[in-house]
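One structure below.
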Amino acid sequence: MTDREGARWVRGRTALAAFVVVTALAAGGVWFGQSSDRASAVDAAPKTSAVQDVKDAGKQSGGLPGVRDCGRGKPETKPHVITLTCEDAEMVATAISWKYYGEREALGVGVVQVERTDSGVGTDAGFPATFRLRDPERVGGELTFTGLEVTYEGSTPLGDTTEMYNLA
């Protein structure tokens with residue numbers, strides 16, 4: 001190998017190493033630059049009551065019926081979050097504030113959070129709604145609401161102004 005070929009080989013290797021370093025730095029910059037987007041996407045995603053810290057540990061109060069999230073676990077009285085589509089958790093009632101909570105029914109207001117795939121609008125969406133728990137029955141020995149009526153105040157995720165869910 002001549003000196004000229006050796007110098008060319010060293011320059012080629014140096015150029016390749018520089019290319020790898022620049023590519024790695026650029027990819028890292030893009031990844032770090034999107035970290036706030038990833039965090040906001042996680043914050044905006046619907047959350048089930050199983051992952052929220054807003055649960056009251058399934059406490060019953062005064063013999064009132066509770067709600068079993070997706071028909072599992074101990075009934076929770078006055079839940080702040082109710083999963084509406086249990087198979088994929090893409091629709092979740094959140095931020096529920098109960099105006100009335102009685103033995104036969106409960107009335108509250110909140111927001112139905114819908115993930116991007118169901119809303120069809122390109123982003124996660126929230127829809128203000130009124131919630132009515134109904135049809136209390138004994139399930140697993142505990143008094144539990146088995147029906148939920150959701151009435152939307154304005155636009156709706158699926159086109160219906162009222163939707164019914166079975167909570168048993």
Every listed condition ((1) open to solvent by 30 Å² or more (accessible area, probe 1.4 Å); (2) assigned to a strand (DSSP E or B); (3) modelled with pLDDT of 90 or more) holds for Glu103 save (2)
Expected single match for in a loop (DSSP other than H, G, I, E, B), touching a Phe, Trp or Tyr at 6+ places or on another chain (Cβ under 7 Å) and open to solvent by less than 40 Å² (accessible area, probe 1.4 Å) among Pro79, Pro157 is Pro157
Taking the stretch 132-148 and keeping residues under 18 Å from Tyr100 (Cα atoms) and surrounded by 17 or more Cβ atoms within 10 Å (Cβ to Cβ) leaves Arg132, Leu133, Pro136, Thr144, Phe145, Thr146, Leu148
Scanning the stretch 62-76 for residues that are touching a Ser or Thr at 6+ places or on another chain (Cβ under 6 Å) and part of a loop (DSSP other than H, G, I, E, B) gives Leu64, Pro65, Arg68, Pro75
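The values are calculated or read from the model by the stated rules, or taken from the named source; none is laboratory data. Given the structure is predicted, the values throughout are model-derived calculations rather than measurements. In this analysis, Cβ positions are derived from the backbone assuming ideal geometry, glycine residues included, and neighbour counts consider all displayed protein chains. SASA here: full protein model, heavy atoms, side chains in, ligands and nucleic acids out. Shrake-Rupley method; radii C 1.70, N 1.55, O 1.52, S 1.80 Å.
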